[in-house]
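The next block holds one structure in the form of structure tokens; read it before the comments.
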Amino acid sequence: GDGIQTFNISTVSAFVAAAAGAKVAKHGGRSVSSTCGSADVLEALGVNVNLSPEQVANSVNQVGLGFMFAPNHHSAMKHAAPIRRELGIRTLFNLLGPLTNPANAKRQVMGVFSPDLTAKLAHVLKQLGSEHVMVVCGADGMDEISFTGDTHVAELKNGEVHEYTVNPTQFGLDLHDLSS
């Protein structure tokens, strides 16, 4: 969560990526420091988020998408959830969750709440065995690719981390206000 209270686009993006043929193992939980967590979105759509690792793997293999509900896959971290919810602010757990993806994903997009963290976390993911990673932070503080302006990207590819920015206008898209 970035504290900006925007729509949970990463969960919707997982559906789009899977529909385009990617194998997606989405990892997440309920809202703690954002309006809506991945589990909240999926449950609102009628999805059972309480799947075993085997069931998630079957889902990824059969339909290209599976959701790993963090409390089911990280038993120790579930004890931090009530405290995180009570605090209602970003903590170290906002970074630990994505870094401990139980699918051991070698390729991923990870959003962070500070541009200062993008390259650092790309290097951490390299040390954890990732092959191709994009760690992103919108200039507006979004922990995802921003529609309001520039997004800082640290990309791990071929063993090297390169930093650059992207902007919606580079892809023929209009910029939008956070209030829209």
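The values are calculated or read from the model by the stated rules, or taken from the named source; none is laboratory data. Only a predicted model underlies this, so the values are computations on that prediction, with no experimental measurement involved. A quick note on method: Cβ atoms are made from the backbone with ideal geometry, for glycine too, and the neighbour counts reach across all protein chains shown.
The set of residues in the range 113-136 being closer than 19 Å to residue 168 by Cβ and at pLDDT below 95 consists of 115 alone. Residues in the range 139-162 that are touching a residue at least 24 places away in the same chain (Cβ under 8 Å), within 19 Å of residue 95 (Cα to Cα) and outside any loop (DSSP other than H, G, I, E, B): 152, 153, 154, 155, 156, 161.
Residues being assigned to a loop (DSSP other than H, G, I, E, B), buried (at least 18 other Cβ atoms within 10 Å of the Cβ) and not hydroxyl-bearing (Ser, Thr, Tyr): count how many of those fall in the range 95-138. So the answer is 5. Filtered by the rule that a residue be surrounded by fewer than 16 Cβ atoms within 10 Å (Cβ to Cβ) and at pLDDT 90 or above, the range 18-42 gives 19, 20, 21, 22, 23.
If you go through the range 140-174 and keep only what is within 20 Å of residue 107 (Cβ to Cβ), surrounded by 19 or more Cβ atoms within 10 Å (Cβ to Cβ) and among the polar types (S, T, N, Q), you end up with just 151.
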